[in-house]
Amino acid sequence: MLQAPVMDLVGELEQLRWARHRLTAQEYRRVVRFYAGTPLPPGEYLDADTGELIVAPEQAQTVPPGKVYLAVDSLRGIYDL
């Protein structure tokens, strides 16, 4: 049976399944993630599951349950964004 930290990593890789085959380990560590319930600073984010662009104009927005958002700024240079 997998230990909890390994299972967390596997789950996170599944969240990034649309991009994981294109990321090096260094690039993967550089990506800033926001997990469910986390307040988002104003900015642009990608839904880790779908790749949908999310714009957070205000600080009051939080990541919905079951979602992980990736900060677009942390993806620049990895992808053409």
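Please treat every number below as a calculation from the coordinates, not as lab data. No experiment lies behind these values; they were computed from the predicted model shown. All Cβ positions, glycine included, derive from the backbone under ideal geometry; neighbour counts span all protein chains shown.
Can you tell me the length gained on complete extension of the stretch ALA25 to ASP73, counting 0.36 nm per residue apart and subtracting the Cα distance? Could you put the intermediate results ahead of the total?
Values: separation 48, 0.36 × 48 = 17.28 nm, distance 1.78 nm.
Gain on stretching ALA25 to ASP73: 15.5 nm.
Add +1 for every Lys or Arg and -1 for every Asp or Glu among the other residues with Cβ under 9 Å from the Cβ of GLY77, and state the total.
Once positives and negatives cancel, what remains is +1.
Per 0.36 nm of contour for each residue apart, how much would the distance between GLU52 and TYR35 grow if the chain were fully extended, relative to their Cα-Cα spacing?
Using 0.36 nm per residue and subtracting the Cα-Cα distance, I get 4.6 nm.
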